[in-house]
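First up is the structure itself, then whatever we jot down about it.
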Amino acid sequence: MSTQMKSPVLDASLPEEEPLGARRGERLTALAQQHGALVALLLTVLIASVSFEAFPTSDNLGNMAVGSTFLAIVALGMTFVIVTGGIDLSVGSTFALGGVLAAWGSQYGTLVALLLPLAVCGLIGLVNGLLIAKSRLAPFIVTLAAMLLARGILLAVTDEGSTTYLVEERSFLATLGEESLLGVSLLVWITAVLFVLGALALRRSRFGQYVYAVGGNEDAASLMGAPVARTKIAVYTLSGLCAGLAGALNAAYLMSGVTILGVGMELDAIAAVVIGGTLLTGGFGFISGTLAGVLLLQVIKNIINQIGSLDSSYQQVVSGAFLAVVVVAQTWLGRKRRML
Amino acid sequence: MTETYDAGGPQAGSGPPGAEAVLRTAGVTKRFPGALALDGVDFAAYPGRVHALIGENGAGKSTLIKVLTGVYRADEGLVEYRGEPVEFATPLEAQHAGISTIYQEVNLVPLMSVARNLFLGREPRNRFGLIDFRRMHREAEEALRDLGVRVDVTRALRTLGIGAQQMVALARAVQVDARVVVMDEPTSSLEPREVETLFGVIRMLRDRGIAVVYVSHRLDELYEVCDTVTVLRDGKLVHTGPIAELDRLRLVSLMLGREMGEVRAEGLTKFSGEHETGGEPVLTARGLRVRHTLHDVSLAIRPGEVVGLGGLLGSGRSETAKAVAGALPPDEGEVLVAGASVRTGSTPAAIRAGISLLPEDRKAEGIVPGLSVRENIALAALPGLSRFGLVDEERVDRIVDTFMKRLRIKASGPHQKVGELSGGNQQKVLLARWLAMQPKVLLLDEPTRGIDVGAKAEVQKLIDELAADGLGVLLISSDMEELVEGSDRVVVLKDGAVVAELAGAEVTEDRLLEAIAAHSRAPEEGAPS
């Protein structure tokens, strides 16, 4: 039997007629897809450092780092959602809600200040996930509803936005927003740790494999025994938790829960994720790319400010144009690799 | 049909001597809206045996498999696994219990690497709970090498050929300590060489005492690897017994429910043979070149002629059809319809010129399952059926009615969703769509793949009729018998180049095989630079 087994060897490693160059070309496009955002970020930073004296100062860089942490954490959760082929439009509202809840909760102690926004925003994410995974509703509609709902709750707890809760001074929450370690803000440290954990979860954990599988081919994933519904519920819950935490940290940074924040933030997060090389169709993406995408958006914003003569609304024009360029490049690279 | 195993009832265990069924159903019934898919089916699979499950499309094979593997639950009846009644809620549960399935279409995640696909859900982990990629890659390589496949397991699955992908699916199925392996038409997209490998694996599984349930439309394969056969027809079990006791004709007549004499008289294909051909070619393709794919392919089809395109999987058959139909832009070459040049690389231009392509993958490239029969037929013809942007509903009804009758499309009516039809009828709907465009040339890429014997014969008869009506037909088929009997001439491709052309009395299976085999070591013409 075993002899019969071994006789026909199927060599699928390389189609014979495919020249080696094609393989190398594919490697290059794969690299461009994975690290394109990082390369663009480095180039932009280099150009900005040469062009503007005030850009490469430690103050400016530090401010940019702290300024990007909130979007970064939101985009981290969003990356998981988009890799499953979904979308989460509720994160802007839950971000603002998380901030208000944290500020309000800080009067009852740090534990409440941190756990309340996580619990509420995590719950919103969980409900999103349940509706999407179990009731098979479209993520776009479900999270759009959650976005309106979270904004509504926010207005209700702040008396239509007229009450602004302040974060208790000297509370641990306030410390999180103010203190730094080794000259780097605690917020940046927290974000960095979250990204390392996120990258490990996506690339090196079984859960991460399920996330890719669900986004890559949901039917196949389910037939291969992947827990499709549980994975979807998990990513939306994670996204809600990230948005809530980002909101709480933002409240700590601003020392108050500002109600008007987070409008349109979901779109910035999606933009950052896509710029980072993650496919909106799912099944392909990187945490590191998302980080590069967030920083790139932040640097563009900073450059527009540096120019000074330009109205800050141009930042959106530039970000929008940049996003369009990235999506075109992504699609082109994807087609070249026959992924789309 | 004198000797039949009694697979009925959990107590009636009179299978092969000395063997206890590992998986068995008793009186399983499954209803779908408007259809009884399974009607009291008693089926049993024994360890160390390869069990063929056959029947026409719509006979209930897929439904039975889905009931066995936890995709569907039976409305009535019992599923017994290792002597215990079971009710699997999900494919995962069935898999954990030891029942693995390989589906007709490769069901893996194309963007993920081979190793990740192979180990999804079972990844080896280190003591921190993180995936140990080095071990995973090593084990993946070993597992595939055991099946006779050498491949870089870090590559994305989609970069592999379809046969290799199937092998990965098989490796996955075998790895999860399976007691039962169910294969739903595993060879439908494999090359002969890959089929050999697959059969080797099936025999290995059998010798390990695994029960294999094997579904296929290819009769040769059944006789080559299967021990036992179960025939389903219209949701009912009509025969179970050793395959050696059943000759081919008897098997086909059981499947079709037709008399043996009838089958013998009509043969296994429905082609009538020669066609009246004549005049100037209706289609001429000259010097088609596509980088890495086609190297100077030329062909001509006269009205009323069926030209077969032979060759192995990957020889450039589908690509030739696509290049002619504008779906694959050629780097060089020209296409002429009735002597007039057609702009290449544009499907609308090709369609306007009268070229219609029935694609190979009807699920991905053809039917819209959620739309009705009527809408699917009218889809491509709509621009011609509209006035001032509004669709002329009456004309659509007339056309749909004509083609449903002419092609004998079996549906509850023009408004039934195409997704609910059998494969053969879906194919006919597609054919109707293109015929509604009144084409001059019809390119048929595997028109009978994956459809049952009865529907196959009907489609073949239709091809004959269409040629008789003066259409030029290009027929692509992996089924040699079909190709030889259906074509007036056969153009043989190998590695993207024409290596032979058979005409008249030369069109035989032997000559075709020779043509394909003889050139296998010859230096390639116009090889990629």
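Within segment A:300-331, restricting attention to residues that are within 26 Å of residue A:28 (Cα to Cα) and β-branched (Val, Ile, Thr), which residue is least open to solvent (accessible area, probe 1.4 Å)?
A:326
Being touching a Leu at 6+ places or on another chain (Cβ under 9 Å) and either among the hydroxyl-bearing types (Ser, Thr, Tyr) or open to solvent by 60 Å² or more (accessible area, probe 1.4 Å) (or both) is true for just one of A:278, A:259. Which residue is that? Show your work before the answer.
Values: A:278 fails: touching a Leu at 6+ places or on another chain (Cβ under 9 Å).
Just one listed residue meets the conditions, A:259.
Within segment B:146-205, how many residues turn out to be in a strand (DSSP E or B), at the interface with chain A (Cβ under 7 Å from one of its Cβ atoms) and open to solvent by less than 10 Å² (accessible area, probe 1.4 Å)?
First pass over segment B:146-205, keeping only residues in a strand (DSSP E or B): B:149-150, B:156, B:180-184.
So of that shortlist, the ones also at the interface with chain A (Cβ under 7 Å from one of its Cβ atoms) come out as B:149-150.
Now restrict to residues that are open to solvent by less than 10 Å² (accessible area, probe 1.4 Å): B:149.
Matching residues across segment B:146-205 total 1.
Can you say whether residue A:92 is within 14 Å of chain B (Cβ to nearest Cβ), at pLDDT 85 or above and closer than 30 Å to residue A:232 by Cα, as far as the supplied structure shows?
Working: within 14 Å of chain B (Cβ to nearest Cβ): no; at pLDDT 85 or above: yes; closer than 30 Å to residue A:232 by Cα: yes.
Against the criterion (within 14 Å of chain B (Cβ to nearest Cβ), at pLDDT 85 or above and closer than 30 Å to residue A:232 by Cα), residue A:92 does not qualify.
Given the structure, is residue A:221 assigned to a helix (DSSP H, G or I), within 11 Å of chain B (Cβ to nearest Cβ) and touching a residue at least 40 places away in the same chain (Cβ under 8 Å)? Outline the logic, then answer.
Details: assigned to a helix (DSSP H, G or I): yes; within 11 Å of chain B (Cβ to nearest Cβ): yes; touching a residue at least 40 places away in the same chain (Cβ under 8 Å): no.
Judged against the criteria, residue A:221 is not a match.
Kindly establish whether residue A:141 is in a helix (DSSP H, G or I), away from every other protein chain (no Cβ under 11 Å) and surrounded by 18 or more Cβ atoms within 10 Å (Cβ to Cβ). It would help to see each step written out before you state the result.
Values: in a helix (DSSP H, G or I): yes; away from every other protein chain (no Cβ under 11 Å): yes; surrounded by 18 or more Cβ atoms within 10 Å (Cβ to Cβ): no.
No: the conditions fail for residue A:141.
Can you confirm whether residue A:196 is within 14 Å of chain B (Cβ to nearest Cβ) and of a type in the set (A, V, I, L, M, F, W, C)?
So residue A:196 fits the description; yes.
Determine which member of the set B:332, B:365 is within 23 Å of residue B:307 (Cβ to Cβ), at pLDDT 85 or above and charged (D, E, K, R).
Values: B:365 fails: at pLDDT 85 or above.
Among B:332, B:365, only B:332 is within 23 Å of residue B:307 (Cβ to Cβ), at pLDDT 85 or above and charged (D, E, K, R).
Just name the residue that is surrounded by the most Cβ atoms within 10 Å (Cβ to Cβ) out of those in segment B:111-122 that are at pLDDT 85 or above and within 7 Å of chain A (Cβ to nearest Cβ). Even if it seems obvious, please write down each step before you answer.
The first filter runs over segment B:111-122 and keeps only residues at pLDDT 85 or above, leaving B:111-120.
Going one step further and asking which of them are within 7 Å of chain A (Cβ to nearest Cβ), we end up with B:111-112, B:116, B:120.
Working: B:111: 22, B:112: 24, B:116: 26, B:120: 22.
So the residue we want is B:116.
Could you say which residue among B:465, B:446 is among the charged types (D, E, K, R) and open to solvent by 20 Å² or more (accessible area, probe 1.4 Å)? Even if it seems obvious, please write down each step before you answer.
Working: B:446 fails: open to solvent by 20 Å² or more (accessible area, probe 1.4 Å).
The conditions single out B:465.
Would you mind finding the one in A:138, A:146, A:174 that is without any contact (Cβ under 8 Å) to a residue 12 or more places away in the chain and over 30 Å from residue B:129 (Cα atoms)?
Numbers: A:146 fails: without any contact (Cβ under 8 Å) to a residue 12 or more places away in the chain; A:174 fails: without any contact (Cβ under 8 Å) to a residue 12 or more places away in the chain.
That would be A:138, the only listed residue that is without any contact (Cβ under 8 Å) to a residue 12 or more places away in the chain and over 30 Å from residue B:129 (Cα atoms).
Which one of these does residue A:252 not meet: (1) touching a residue at least 12 places away in the same chain (Cβ under 8 Å); (2) over 18 Å from residue A:81 (Cα atoms); (3) within 9 Å of chain B (Cβ to nearest Cβ)?
That leaves (3) as the condition not met.
So in segment A:80-99, with the set limited to residues that are under 17 Å from the mean Cα position of the chain (by Cα) and among the small types (Gly, Ala, Ser), which one is surrounded by the most Cβ atoms within 10 Å (Cβ to Cβ)?
Taking segment A:80-99 as the starting set, the residues that turn out to be under 17 Å from the mean Cα position of the chain (by Cα) are A:80-96, A:98.
Now drop any that are not among the small types (Gly, Ala, Ser), which leaves A:85-86, A:90, A:92-93, A:96, A:98.
Working: A:85: 19, A:86: 26, A:90: 29, A:92: 24, A:93: 28, A:96: 27, A:98: 37.
Of everything passing the filter in segment A:80-99, A:98 is surrounded by the most Cβ atoms within 10 Å (Cβ to Cβ).
Given the options B:67, B:71, B:50, B:79, name the one that is over 26 Å from residue B:245 (Cβ atoms), surrounded by 24 or more Cβ atoms within 10 Å (Cβ to Cβ) and not assigned by TED's automatic domain parsing to the domain that holds residue B:454. Reasoning before the result, please.
Working: B:71 fails: surrounded by 24 or more Cβ atoms within 10 Å (Cβ to Cβ); B:50 fails: over 26 Å from residue B:245 (Cβ atoms); B:79 fails: surrounded by 24 or more Cβ atoms within 10 Å (Cβ to Cβ).
The conditions single out B:67.
Go through (1) out of contact with any Ser or Thr (no Cβ under 8 Å at 6 or more places or on another chain); (2) surrounded by fewer than 21 Cβ atoms within 10 Å (Cβ to Cβ) one by one and return the number of the condition residue B:129 breaks.
(1)
Of the residues that make up segment B:211-223, is at least one under 17 Å from residue B:47 (Cβ atoms), more than 9 Å from chain A (Cβ to nearest Cβ), open to solvent by less than 10 Å² (accessible area, probe 1.4 Å) and in contact with a Pro (Cβ under 9 Å, 6 or more places away or on another chain)?
Of segment B:211-223, the ones under 17 Å from residue B:47 (Cβ atoms) are B:211-214.
Okay, now just the ones that are also more than 9 Å from chain A (Cβ to nearest Cβ), so B:211-214.
Now narrow it down to the ones that are open to solvent by less than 10 Å² (accessible area, probe 1.4 Å): B:211-214.
If we keep only those that are in contact with a Pro (Cβ under 9 Å, 6 or more places away or on another chain) as well, we get B:211, B:214.
Looking for residues that are under 17 Å from residue B:47 (Cβ atoms), more than 9 Å from chain A (Cβ to nearest Cβ), open to solvent by less than 10 Å² (accessible area, probe 1.4 Å) and in contact with a Pro (Cβ under 9 Å, 6 or more places away or on another chain), one finds at least one in segment B:211-223, hence yes.
Give segment A:146-185 a look and list any residue that's open to solvent by less than 50 Å² (accessible area, probe 1.4 Å), small (Gly, Ala, Ser) and under 25 Å from the mean Cα position of the chain (by Cα), or say none.
A:146, A:150, A:152, A:174, A:177, A:185 - these are the residues of segment A:146-185 that are open to solvent by less than 50 Å² (accessible area, probe 1.4 Å), small (Gly, Ala, Ser) and under 25 Å from the mean Cα position of the chain (by Cα).
Residue B:136: open to solvent by less than 40 Å² (accessible area, probe 1.4 Å), of a type outside the set (Val, Ile, Thr) and in a helix (DSSP H, G or I), yes or no?
Values: open to solvent by less than 40 Å² (accessible area, probe 1.4 Å): yes; of a type outside the set (Val, Ile, Thr): yes; in a helix (DSSP H, G or I): yes.
The answer is yes for residue B:136.
Results for (1) surrounded by 15 or more Cβ atoms within 10 Å (Cβ to Cβ); (2) modelled with pLDDT of 90 or more; (3) assigned to a helix (DSSP H, G or I); (4) more than 20 Å from the chain's Cα centre (by Cα), shown as yes or no for each residue.
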site	(1), (2), (3), (4)
B:241	yes, no, no, yes
B:253	yes, no, yes, yes
B:261	no, no, yes, yes
B:269	yes, no, no, no
B:275	yes, no, no, yes
B:296	yes, no, no, yes
B:307	yes, yes, no, yes
B:314	yes, no, no, no
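Can you tell me how many residues in segment B:441-464 are outside any helix (DSSP H, G or I) and at negative phi? Before you say what the answer is, go through the steps one by one.
Let us first name the residues in segment B:441-464 that are outside any helix (DSSP H, G or I), namely B:441-452.
Still in the running and at negative phi: B:441-445, B:447-449, B:451-452.
Here the count works out to 10.
Checking residue A:296 against (1) open to solvent by 40 Å² or more (accessible area, probe 1.4 Å); (2) under 21 Å from residue A:196 (Cα atoms), which single condition isn't satisfied?
Among (1) open to solvent by 40 Å² or more (accessible area, probe 1.4 Å); (2) under 21 Å from residue A:196 (Cα atoms), residue A:296 violates only (1).
Which pairs have Cβ atoms under 6 Å, sit 6 or more apart or on different chains, and link a residue in segment B:63-89 that is over 13 Å from residue B:42 (Cβ atoms) to one that is basic (Lys, Arg)?
B:63/B:30; B:72/B:66; B:75/B:30; B:75/B:31
Within segment A:209-216, identify whether any single residue is assigned to a helix (DSSP H, G or I), under 18 Å from the mean Cα position of the chain (by Cα) and more than 14 Å from every other protein chain (Cβ to nearest Cβ), and answer yes or no.
No: zero hits.
For segment A:100-138, what are the residues that are modelled with pLDDT under 90, open to solvent by less than 70 Å² (accessible area, probe 1.4 Å) and farther than 19 Å from residue A:237 by Cβ?
Within segment A:100-138, A:103, A:105, A:106, A:109, A:110, A:112, A:113 meet the criteria.
The values are calculated or read from the model by the stated rules, or taken from the named source; none is laboratory data. Keep in mind that this is a model prediction, so the values were computed, not measured. Cβ sites come from the backbone with ideal geometry, for glycine too, and all protein chains shown count toward neighbours. We work out accessible area using only protein heavy atoms, side chains counted, and drop any ligands, DNA or RNA first. Shrake-Rupley method; radii C 1.70, N 1.55, O 1.52, S 1.80 Å.
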